[in-house]
Every structure is written in structure tokens, then in C-alpha cells.
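Chemist: Structure provided below as C-alpha cells; questions to follow.
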Amino acid sequence: MSEVIQSFQKLKTYCETENFEGWDPYDGLNSKVFQALPLKHWDLARLAWIQGFKRSPVNFRKLLLVPKKHNSKGIALMLSGYCQLYEASRQGKTEFGTSEVLLDKIEYLADLLLKLSNKSYSGACWGYSFDWQSKAFFLPYNTPTVVATAFCVEALFSAFEITKNESFYDVACSAANFVLNDLNRIKKPKGDFMFSYSPIDNRAVYNASLLGSKILAMVYGYTKDETLKEVAVLTANAVCKMQNEDGSFPHSDQIGNTWRDSFHTGFKLEALEYCRRLCEAEGLQTHIDKGFKYWINNYFNHETGFSFYYDRNMQPTLVDLHCVSQAISTIFKLNKTDKYSQFLNKIVNWAIDNMQSSRGYFYFQRKKGILNKIEYLRWPNAWMFYGLSYYLLHEKVCDT
């Protein structure tokens, strides 16, 4: 256990030293060099430029003038992590700071999250600190997404529970208006629908739609607005109808997007659990159980603690610590810690032994023997901070 504490201390110091700013795997279009080129107007050039930055194990960001920035999702993950550390301090675990010191961090990060929000929509929402080009569509800087917004809402509710700052509560609750009024609705049979990823696309990405359901469920948990409950359950069930017989979930409606990965599956399972618990939608339990069984049996080596990005039959050599941190969160939020405490110990220790720099930050990815050591703040370091904060809070795991 002392090794995990030491590892987390180094990670915490690294993130604080950087003032929670950093590069991101997808921030290539922030390059001042690229923005000076006419290529910036061509979607294929934008996509190639982003993918080149993401895939390269050599960091060209300083050379090509990509600045470090605050990323709203990364800040949300850090804020949630500090809220977990605050709860740990209240239990007498003060290795990572007293309650007073941690409260200062919570208030700073929550205020920063409010400043980073996009105020041009019906309710609070958040996007990314860079332009982003996918194969399907282009998202300009700070265009809100339901994914980033879901993590920001969860973090602000956690901060509210600790600080009782009403502004954190009000902003988090207002995100329900963004989901209901600004996201597009992808119609499904029998009156069902799913939410779009952002206000400017019309694609049903299943984990994204479920994170919209999760936002509504979280806000319903406080406001008891029955409309939120009704829509949360309806949209959650719409995704459940797409679940494969073996318990896995496709990624989206798009042709060719039947692939499955670990952390997006974790998103889906958590969102369904929030809807089940907060909206008392017990009909979701069967889907959660089937999905968890497939996930836990197909994305991890239970003997070594190795976490697969895709299921073990696709790319068994790809390592991404987003999968580790999400696994920790999912197991805690689905209340599976008693059964899987030894498993959590193994995946955490594997990550520390194989993927952490002496400077404290975690490496991005390892693929086919090539280790990408570029220091990104959001991915994977904010994620590891978030996941390890849950791990360190709960004695059932730490004392095993």
C-alpha cells in the first residue's frame, strides 16, 4: 500500500506543479503553425494533423507552438479526485492534505470549472480547449459535448456537497436544460430516442447518450423533477435495446462502429447504474449485470492486472491507463469492491510499475512495444488522479 501512496503523492505533486494545465492527445489544431496555414480549412488535413500528433511517440508540441491549457474535463476529474481526498481526510487519512488544504483546492478548481463553461446555450455545458476533427464532423474550440458536461456536473455536485456553495449546485442543475433543449434527439422505434454527442451533430454514440441520461438522473436526484426522470429512463432504455446478447455494447449507430472498448463500456455501466439508483429504474439491473459480466471477463488479465483497451481478441498489446482509472471508478460505483478488491490491487500496481515516470506523471500509451511517454494532463494523468482517489479513499481495497 505504501507504494500506491508514494505513487499518488508524486502524481499529485506533478499536477499541482503544472497548475493543472497541460497538453492533450487531441490538441494538435492548437498549433500556431498549423493555424497560419491554409490547410486549416480542409477537414482531411485537420484530421491527419490531429492523428499525427496523437499517434506519434515524439512530442512536437513545443516545436509547433502548441500551448498547454486547462481542459474542462481534466479539471472536472481533478476536482472529483480532490473531493474524494477531502472525504478521506475526514476519515483521518491526511497523507494528502488536511481538510482545510483540500477545501482550498476544491474551491479553486470548482471556480475554474465555472469560468471554463460555455454560456451560449440553455444551461451550463462544457467543451474542450481545442478544435477537434473526427471522420464524421468538426467541433470548434469549446463546443460543448455531453461527455465533458457529464463529468463537470458530477464534479460540481461533489463540490457542492462539501462546500455548500449554492453557485456550484445551481450551475450543475442547469446542465439538464442543455441536455433537454440543445442536444439533438436521434429517433428510435416506438417513440424512443437517444441524445447526440454535441449540439452540432446528429449521431447516436451510445456512451454519450447515456451520459446525457446520467446528467438528468443526477439533477433529478436533487430536484425531483419528474420530467428529468422520465427522459433519463427512456433514453437509457433506448441504449439497452442495442445491447448485444453477450452483454457487450456497440459503440454507436454508425456502420463499422460495432467495436467495443473498456473505458467507454465503463461509462455506459456507470450511467446505467446512476439511472437505476437515482430514478429507481430497476428494469435496468439486468442490462447492468450482463454488461458488467462481459466487461470484467473480457477487458482484463486477472492474474497480472493487465488492462486491455479493446476486448482481448482485438488489440491485446494496446495499453491505455484511461482503462485502469475507469475500472476503479466503475467497480466502486457499481458497489463491487468486496468481490474485486484483489483485482483492483493488481491493476493499480501494474500501472504504477509499468507506466509511471520518475517525475510522477503516467505515460500515455504502450502499443506493440512502443511506449508513448508524452506528458498529457487530462489523458491519462487527470484520469489516474481521479481513479486512484477512489482507490485510496476506500479501506476495503487499501487494507487488502
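Chemist: SER56 accessible area, nearest 10 Å², 1.4 Å probe?
Modeler: For SER56, the solvent-accessible surface is approximately 20 Å².
Chemist: Under 5 Å between amide H atoms, partner at least 5 residues away or on a different chain: which partners does SER252 have, H built in plane at 1.01 Å?
Modeler: Under 5 Å from the amide H of SER252: TYR206.
Chemist: At 0.36 nm per residue, and after removing the present C-alpha to C-alpha distance, how many nm does the segment from ASN177 to ASP289 gain when stretched out fully? Mind dumping the intermediate values first?
Modeler: Details: separation 112, 0.36 × 112 = 40.32 nm, distance 3.06 nm.
Roughly 37.3 nm would be gained on extension.
Chemist: Related question: Under 5 Å between amide H atoms, partner at least 5 residues away or on a different chain: which partners does ASP261 have, H built in plane at 1.01 Å?
Modeler: Counting only residues 5 or more places away or on other chains, the set is empty.
Chemist: Could you grab the relative contact order for the chain? Cα pairs under 8 Å, six or more apart, rounded to a whole percent. Before the final figure, lay out each step's value.
Modeler: Working: 731 pairs, mean separation 71.9, N = 400.
RCO, the chain: 18 percent.
Chemist: What percent do you get for the relative contact order of region 156-220 when only Cα pairs under 8 Å and 6+ apart count? Don't jump to the answer; show the numbers that get you there.
Modeler: Working: 69 pairs, mean separation 15.4, N = 65.
Reported as a whole number, the value is 24 percent.
Chemist: Here is a follow-up. Per-residue HN-Hα couplings for region 145-156, Karplus 6.51 cos²θ - 1.76 cosθ + 1.60 at θ = phi - 60°, whole Hz, x for Gly and Pro?
Modeler: 10, 5, 5, 4, 4, 4, 6, 5, 5, 4, 5, 5
Chemist: Given the C-alpha atoms of region 128-262, compute the convex hull and give its volume per residue in Å³.
Modeler: Cα-based convex hull of region 128-262, divided per residue, equals 128 Å³.
Chemist: Where is the GNM fluctuation largest for the chain (alpha-carbon springs, 10 angstrom cutoff): THR149, THR337, THR227?
Modeler: Largest GNM mean-square fluctuation: THR227.
Chemist: When ligands, DNA and RNA are left out and all protein chains stay put, how many square angstrom of accessible area per residue does region 94-194 have with a 1.4 Å probe? Walk me through the numbers before you get to the answer.
Modeler: Numbers: 4260 Å² over 101 residues.
Ligands and nucleic acids excluded, the result is 42 Å² per residue.
Chemist: Okay, next question. Contact order normalised by length for region 99-187, with contacts defined as Cα pairs under 8 Å and 6 or more residues apart; what percent is it?
Modeler: 30
Chemist: Given a 10 angstrom Cα cut-off, can you work out which residue in GLU273, GLU303, GLU154 is the most mobile in a GNM of the chain?
Modeler: For the chain, modelled as a Gaussian network with Cα springs under 10 Å, the answer is GLU303.
Chemist: Let me know the Rg and Dmax you get for region 1-138 when you use only its Cα atoms, in Å.
Modeler: 18.3, 57
Chemist: Where the centroid of each part is defined by its Cα atoms, how far is region 314-350 from region 61-82 in Å?
Modeler: 24
Chemist: Also: By average Cβ neighbour count within 10 Å, what is the ranking of 211-224, 162-175 from highest down? Each step should come with its number before you reach the end.
Modeler: Details: 211-224: 23.8, 162-175: 18.4.
In decreasing order of mean packing, 211-224, 162-175 become 211-224, 162-175.
Chemist: Mind listing which trypsin sites (Lys or Arg not before Pro) in region 52-83 are in a DSSP loop and have 15 or fewer other Cβ atoms within 10 Å? Each step should come with its number before you reach the end.
Modeler: On the way: sites: LYS54, ARG55, ARG61, LYS62, LYS68, LYS69, LYS73; in loops: ARG61, LYS62, LYS68.
Qualifying residues, ordered by number: LYS62.
Chemist: Sticking with this one: ASN118's amide H: which non-local residues (gap 5+, or another chain) put their own amide H closer than 5 Å, with H modeled 1.01 Å from N in plane and none for Pro or chain starts?
Modeler: CYS125, TRP126, GLY127
Chemist: When you take every Cα atom in the chain, what is the radius of gyration, and what is Dmax, the widest Cα pair distance, in Å?
Modeler: Over the chain's Cα set, Rg and Dmax evaluate to 19.9, 57 Å.
Chemist: Moving to a separate point now. What FRET efficiency comes out for LYS339 versus TYR222 if R0 is 30 angstrom and r is the Cβ-Cβ distance? Round to the nearest 0.05. Walk me through the numbers before you get to the answer.
Modeler: Numbers: r = 31 Å, r/R0 = 1.02.
The computed FRET efficiency comes out at 0.45.
Chemist: Tally Lys/Arg at +1 and Asp/Glu at -1 over every other residue whose Cβ is under 10 Å from the Cβ of PRO57; what's the total?
Modeler: Numbers: positive: ARG55, ARG366, LYS367, LYS373; negative: none.
Cβ neighbours under 10 Å give a net charge of +4.
Chemist: Still on this structure, I have one more. What accessible area per residue comes out for region 298-392, rounded to a whole number of Å², with a 1.4 Å probe?
Modeler: On the way: 3260 Å² over 95 residues.
Each residue of region 298-392 exposes 34 Å² on average to a 1.4 Å probe.
Chemist: Ignoring ligands, DNA and RNA, please state the percent of accessible area on region 146-302 from carbon and sulfur, probe 1.4 Å. The partial results should precede the final answer.
Modeler: On the way: 2750 of 5740 Å².
Roughly 48 percent, rounded to a whole number.
The values are calculated or read from the model by the stated rules, or taken from the named source; none is laboratory data. Just so you know, these numbers come straight off a predicted model, no measurement behind them. A quick note on method: Cβ atoms are made from the backbone with ideal geometry, for glycine too, and the neighbour counts reach across all protein chains shown. The area values use the complete protein model at the heavy-atom level, side chains included, leaving out ligands, DNA and RNA. Shrake-Rupley method; radii C 1.70, N 1.55, O 1.52, S 1.80 Å.
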